[in-house]
Amino acid sequence: MLPAPFPTVPSRISKPFCGVLACLSTLFATCLGPARGAEPGASEAGYTSGVKPLLAQRCYPCHGALKQKAQLRLDTVAAMRRGGKTGPAFEPGAPTRSLLWLRAASADPEERMPPEHEGERFTSAQLEILSAWITQGAPAPDPDLPEPDPQQHWAFRPVARPAIPPTRDPTLSRNPIDAFLERARERRGIRAQPEAPRLTQVRRLYLDLVGLPPTVEELERDSSDPAPDAYERLVGRLLADPRHSERWARHWMDIWRYSDPFGLGDQLRNSQRHLWHWRDWIVEALDADLPYDEMLRLMLAADETHPHDLERLRATGFLARNYFLFNRHQWLDDTVEHVGKAFLGLTLNCAKCHDHKYDPIPQVDYYRLRAFFEPYHARLDVLPGEPDLTRDGLPRAFDRDLDPPTYRFVRGQENRPDLTTRIQPGVPDILAFAPLLIRPVSLPVDAYEPERRPWVLEAHHLAAQRRVEAARTERNRLAARHPAPASPPSETPECLPESGPAQDLALAELALQVAEAERRSVEARSQALRDRWNSANQNPASSHAEAVAAERAVAVARATRAAALAGQKHAHAETPQRETAAQELAKARETLEKARLAVRAPVTGQEALTPLPGAAWTPTRFADSTKDDPSQEFPRSSTGRRTALASWITDPRQPLTARVAVNHVWNRHFSTPLVPSLFDFGRKNPTPLHAELLDWLASGFVASGWSLKHLHRCIVTSAAYRMDSSQRDAADRLALDPDNTLWWRRPPIRLEAQVIRDAILIHAGRLDLTRGGPPVPPAEQDQSRRRSLYFMHSHNDRNPWLATFDDALVKECYRREQSIVPQQALALLNSRLVLDAAPAIAQHVADAALRLSPEMRSNSDATFVQTAFLTLLGYRPAAAELDAAQSALRAWRTAPPQTDPTTPGVAHAADPAHSQLVAVLLNHHDFVTLR
Amino acid sequence: MHSRPSALPRRAFLADLGLGFTGLALGAVLQRAAVAHTPASTAAGRPHFTPRAKSVIWLFMNGGVSHVESFDPKPMLTRYAGKTIAETPFASVQDPQKLALERLVVPDANGNQRNTLYPLQIGYRAHGQSGIEISDWFPHIARHADRLAVVRSMWTTDSNHGAQTQFHSGRHQNDGDFPTLGAWVHYGLGSLNDDLPQFVSMGTREYWNRRDGHYLGPQHDAVPLRVDPAHPLDFGRPELPVSPRDRETSLALLRSLHRLREIEYPADPALTARIASYELAARMQMSVPGIVDFSAESPETRASYGLELPACREFGMQLLAARRLVERGVRFVQIQHGGGGAGAWDAHSGLKANHESLARAVDQPIGALLGDLAQRGLLEETMVVFATEFGRTPGSQGSDGRDHHIFGFSVWLAGGGLQGGMVHGATDEIGFHATEHRHYVTDIHATILHQLGLDSRALEIPGRKRLEIDHGRPITALMA
């Protein structure tokens, strides 16, 4: 018989549990196990170690500094004694006469605390802790501090510029970052590791700043440059290098949840077609060092602030990405959650179902924030040269509904809106440092009638012209084969010439006629549109009539061709299908007849012209999964809500934005953030150890005009960044500070998936540095030599090789995982990527060895090994490593050749043993590690 | 450990050590590798109490198997065929209160109610000593009726195929992404075999979610295995020719270079993990292809799994591989049948033809698996689970289909110390609502964890407190 593992649970949630409860989970982060029950006799200690943490977890959200429901606070014994509306919380010595215990232990869900849906019941062990303490007379420790005021929470206070602390040994500091860290180390008597070897520092800078390793020449040059400011100048060069923006774009794409479109089969369900335009905007913005605050403003509201500017409109891909075909709530939940997490470090999502349990964010605030986004939808705008939106187009946000209602959902359940109150956009009180000004934006005509953009009609015309040319080429090709004149059988199109080539030619002629008619129609409709737009000095009626006529001509041309095809099909139909074919032919003739008749009908001026669209709304299916929701015209104004939100987020008085941003950047340089919870700066997270450093960086960031390059320069030129990552001779510090909280060494980083692949390609001389453009589809990735940043990357499409190395998840990736798993070993040992690159790399290494050591006339193994280590691992091998490598080279050479020399992988000039060594070094821990 | 604030969840620690993914779960590693930095929490890697089962074979039928045409006979559907539910004595099933648990993701303008009752498309017979009624589409499974614990009273909340993920993680997709049962088992239990991945998945999973570990970390994702002996594992063998002897030299050199590097970088857990990962990779590379090499199996065994029959071949090979895996101590083998798109069993129309042909593909291999495990004495320690995301509506969709149905459906379990030959729970007379012993999907998880000797409450990750409903409750009535 097994021991009963689960205590009987008296009641459980039998109704639909909802998303609501999902975030309650954080409330009970560190549960007290039953083992840590009351310790009889340990009175105040029992309170401090048992009761107080328990109440903090279970009760403070409603009865503490955040809220005082029923005027009751439970965060000090004195407050409990004072009690609330219904009297004191306890009667010393008598748990069963104490409300605190009675309410927690009640069997009646109406009575019981925490209330149903607000938190789990106290376990019997927890009740025992309460009861024991009350029985002992509810002793209080001294002091018994109340929960601090939320206003005083470190992250909600304004960013102050802290003074740079003096340190005992200023030579240990290269810049103020080090002064802050050094002071913290001094206090604990901890010494920092020395600077890393120059070679390591140079490799570090290249990989970190441009995401690619240096060539061996660059490594030698930059690490031996005797100039005192050699390092700083290298930093400057690398920050100015265009490849820097591609490297850091990938970091921000993680944080901002970049995803190429995905869905089920061909159906687009999430994100947007051509979302790569947003990726390219990120790259270009970083390259130009566009201020971070401006980046956020453009991502949130470029359609309101720059409605003319296609370049900037790309930024709103950030919002367009959250599109979800079927469910508006899921779409907006994602938007609110990640605007909160990525920009503000606020877990707004925790307030979707109930008031936030830690932060001063009532549930209604979640919906006030949602209201900023309620009007927006996604659309594709026509780009110059391509009117076909399936081929290209600009995915962007726009306000589609100008006054959509937002309701609070009872317990977060989308089917339970509280219809009594329409929620207006607004921000949490605690962060409302200025009145929010929402001013509707009246849009230029281009924005709501995008076909007026000068390139749109041109693009339609160009496409029509291209179709004509393609049809003509085809006609001419067939005509060359069949020189007999083919009279187009326009009157009786079904009577095609019988023979193959003549028939093909006749059909091609008809296709050309269609294309030409279409081109004329595009021209005529363009003219009609232009005339309507300039109707002051033109006569729109005549151009309208021409456009109508041109459209009718298109109908005739199409019907003619369709009839010819139907005739052809009929002529070739076997008996069983002949009847159907005859019916189709009759129908085609009828259509043609009607089209011909229509040509002769008078033009009334009321005819609708087929539009030449300048944009298309991305249709949703919120009402019915089987058909698109009705489309509507683009509004002439925008609500201005998102502009207001963006101003609030980027206001220099906003305490969170800059802090959160510098923490992201710090984390990506060091793989360890200053505030561990990258997306949660709320009260659950105590003042970080290096809060002053964080504030110094944040204030400097804002003062620099939110320049990311300034911030990068500041961080990478610090001694903290240049420090050795080894734990050599550090037993004392490992014992004192095993988690390196005082930054006595630099944390090593397992390189990101993209960097590893790009490094392999560039070492092989194969990296294609083409910038931007549509993503490389999965089927082409094996052969592709583009930077990994450009690979199609979505929930559905992830490159398997990159996935092995913890590629970003599109749903959320505030931090990259750095796993070390056998699958990585297999990928590096066995993948074509590596095996195919090794010989090419070996050849490059051999060439470099010759260049670097011209005195070595023969390319000796020793030189090769040294150069290979330097190139791939960034250090010079020790004697033992050199020996090991050289004896392996000998072993490979003595092995009988077993591989087929015609195999592509081995058909190369490099010494096969050298290739083997290179392959081994690509598997070396240091190859995938930023030391 | 390099620079991890100690408050970070254990998974981050493990992610760095990198020894979880293929089975060196937690405590097992820490004990074996004698890494000093033992996390404060439980003695994981060992069961919390005496286990009754060691391994799980999880068979998931994607798309939604009709419960009324598989394991839950409802003759009333035939009797009242063509009537609307309102016209039958069972009108009360559509009481809005009772329908409120549904959480829609994808709207369905047709309404999710299929009102006109659709007759049973297949007959039922009672089987075995227990007399469990099983439809005639599953004759091979039916032979093992006395080994099955059929649960006829399941319910879930996502009325679309996100319910596939929900059945694995216990959460509705609108709540976010959560670890799946297999990931929890992998996280909670040590390895039984260091040469093989401990959490293996076969078949296609496509609809919503292809991962398992989520907040437990990628090292707890299932390792995909293909039943193709030439290519069983991603990057499992060199994609360009490499001679074994050269490879041996390479691995030896790599080993010594890594060891030498420890001089400059002593006490570097990442380097230690990297070294271990190569050892494990080498062992996996050796062991995994053998799993899908069926030449050692007798012709009778191969035939019993249907390896010679085109209809069953693929699934039969997966199940035979599953048996070979659990035989070698693999903890959790997750097999998706009919994955891709919404799932093959999604018989909105042509239900009869659809289910008939899919049942033909899975029935014989599953029957063979149960028999094979039992004959080898493995069934006692292996739980076989047959599940699907939801059932299908009692009413017809179109002329010959059934729609998604979340209010009542069936799964079954076998082996692993559970009772056989029993039916637990029931739906109402038209199979609409689970009425007796209602079970949400996590009750199945809890039952499995319990038999494996795990208390899901003891597996908590700091900061990721789970809810009562996430843990579920073990169905003690099933236990032997």
Selected residue (only one of A:837, A:764, A:808 is at pLDDT 95 or above and surrounded by 24 or more Cβ atoms within 10 Å (Cβ to Cβ)): A:837
Considering only helices (runs of 4 or more DSSP H) wholly within segment A:688-760, the ones with at least 1 residues that are of a type outside the set (D, E, K, R), out of contact with any Leu (no Cβ under 6 Å at 6 or more places or on another chain) and away from chain B (no Cβ under 14 Å) are A:691-703, A:708-716, A:719-722
Wholly within segment B:44-139, strands (runs of 3 or more DSSP E) carrying at least 2 residues that are within 28 Å of the chain's Cα centre (by Cα) and under 30 Å from residue B:456 (Cα atoms): B:55-61
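Condition check ((1) surrounded by 21 or more Cβ atoms within 10 Å (Cβ to Cβ); (2) in a helix (DSSP H, G or I); (3) touching a strand residue (DSSP E or B) at 6+ places or on another chain (Cβ under 6 Å); (4) more than 14 Å from every other protein chain (Cβ to nearest Cβ)) across all residues:
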| site | (1), (2), (3), (4) |
| --- | --- |
| A:616 | no, no, yes, yes |
| A:619 | no, no, no, no |
| A:625 | no, no, no, no |
| A:629 | no, no, no, no |
| A:635 | no, no, no, yes |
| A:646 | yes, yes, no, yes |
| A:652 | no, no, no, yes |
| A:658 | yes, yes, no, yes |
Scan B:480, B:434, B:426 and give me the residue that is under 29 Å from residue B:89 (Cα atoms), within 14 Å of chain A (Cβ to nearest Cβ), small (Gly, Ala, Ser) and touching a strand residue (DSSP E or B) at 6+ places or on another chain (Cβ under 9 Å). B:434
Go through segment A:333-372 residue by residue and tally those that are under 29 Å from residue A:277 (Cβ atoms) and touching a strand residue (DSSP E or B) at 6+ places or on another chain (Cβ under 9 Å). 2
Limited to segment B:255-292, what total is found for residues that are more than 7 Å from chain A (Cβ to nearest Cβ) and among the acidic types (Asp, Glu)? 2
Would you please list the contacts, defined by Cβ atoms under 6 Å and residues six or more apart or on different chains, that run from a residue in segment A:148-163 that is under 16 Å from residue A:433 (Cβ atoms) to a residue that is among the charged types (D, E, K, R) and part of a loop (DSSP other than H, G, I, E, B)? A:153/A:683
For segment A:711-731, check the following and say yes or no: at least one residue is within 23 Å of the chain's Cα centre (by Cα) and more than 30 Å from residue A:843 (Cβ to Cβ). yes
When the residues of segment A:306-329 are narrowed to those that are out of contact with any helix residue (DSSP H, G or I) (no Cβ under 6 Å at 6 or more places or on another chain) and in a helix (DSSP H, G or I), which ends up nearest to residue A:645 (Cα to Cα)? A:319
Residues that are without any contact (Cβ under 8 Å) to a residue 60 or more places away in the chain and either among the basic types (Lys, Arg) or crowded, with 20+ Cβ neighbours inside 10 Å (or both), drawn from segment A:259-278: A:269
Filtering segment B:434-477 down to residues that are aliphatic (A, V, I, L, M), closer than 18 Å to residue B:151 by Cα and not in a helix (DSSP H, G or I) yields B:434, B:475
Residues in segment A:859-879: is at least one facing chain B (nearest Cβ under 9 Å) and either over 28 Å from residue B:247 (Cα atoms) or polar (S, T, N, Q) (or both)? no
Among A:447, A:434, A:459, which is the only one that is under 30 Å from residue A:153 (Cα atoms) and either small (Gly, Ala, Ser) or in a helix (DSSP H, G or I) (or both)? A:434
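Yes/no per residue for (1) in a helix (DSSP H, G or I); (2) exposed (fewer than 15 other Cβ atoms within 10 Å of the Cβ); (3) of a type outside the set (Gly, Ala, Ser):
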{"residue": "A:145", "(1), (2), (3)": "no, yes, yes"}
{"residue": "A:163", "(1), (2), (3)": "no, yes, no"}
{"residue": "A:178", "(1), (2), (3)": "yes, no, yes"}
{"residue": "A:186", "(1), (2), (3)": "yes, no, yes"}
{"residue": "A:193", "(1), (2), (3)": "no, no, yes"}
Reported set for segment B:446-466 where residues are surrounded by fewer than 24 Cβ atoms within 10 Å (Cβ to Cβ), out of contact with any Lys or Arg (no Cβ under 9 Å at 6 or more places or on another chain) and either under 15 Å from residue B:50 (Cα atoms) or more than 8 Å from chain A (Cβ to nearest Cβ) (or both) is B:455, B:458
Filter segment B:231-254 down to residues that are surrounded by fewer than 16 Cβ atoms within 10 Å (Cβ to Cβ) and more than 7 Å from chain A (Cβ to nearest Cβ) and give me whichever is farthest from residue A:782 (Cα to Cα). B:252
Would you please list the contacts, defined by Cβ atoms under 8 Å and residues six or more apart or on different chains, that run from a residue in segment A:333-358 that is without any contact (Cβ under 8 Å) to a residue 24 or more places away in the chain and assigned by TED's automatic domain parsing to the domain that holds residue A:369 to a residue that is in a helix (DSSP H, G or I) and aliphatic (A, V, I, L, M)? A:337/A:348; A:348/A:336; A:348/A:339; A:348/A:369
Within segment B:414-446, restricting to residues that are of a type in the set (D, E, K, R) and in contact (Cβ under 8 Å) with a residue 40 or more places away in the chain, the one that is nearest to residue B:88 (Cα to Cα) is B:429
Checking the structure you have, find out if any residue of segment B:207-222 is under 21 Å from residue A:831 (Cβ atoms), at pLDDT 85 or above and within 7 Å of chain A (Cβ to nearest Cβ). no
Looking only at segment A:252-267, which residues are modelled with pLDDT under 95 and either outside any loop (DSSP other than H, G, I, E, B) or not acidic (Asp, Glu) (or both)? A:262, A:263, A:264, A:265, A:267
Only listed residue being among the hydrophobic types (A, V, I, L, M, F, W, C), buried (at least 21 other Cβ atoms within 10 Å of the Cβ) and either assigned to a strand (DSSP E or B) or within 14 Å of chain B (Cβ to nearest Cβ) (or both), chosen from A:662, A:675: A:675
Helices (runs of 4 or more DSSP H) wholly inside segment A:196-251 that include at least 2 residues being among the hydroxyl-bearing types (Ser, Thr, Tyr) and in contact with a helix residue (DSSP H, G or I) (Cβ under 8 Å, 6 or more places away or on another chain): A:216-224
Given the conditions (1) surrounded by fewer than 18 Cβ atoms within 10 Å (Cβ to Cβ); (2) at pLDDT 95 or above, and given that residue A:593 satisfies all but one, which numbered condition is not satisfied? (2)
Given the condition of a type in the set (Ser, Thr, Tyr), modelled with pLDDT of 90 or more and exposed (fewer than 13 other Cβ atoms within 10 Å of the Cβ), answer yes or no: does some residue in segment A:127-134 qualify? no
Within segment B:437-452, identify whether any single residue is modelled with pLDDT under 95 and among the hydroxyl-bearing types (Ser, Thr, Tyr), and answer yes or no. no
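The values are calculated or read from the model by the stated rules, or taken from the named source; none is laboratory data. Here the structure is a predicted model, which means the values were calculated and not measured. As a convention, Cβ positions derive from the backbone with ideal geometry for all residues, glycine included, and neighbour counts pool all protein chains shown.
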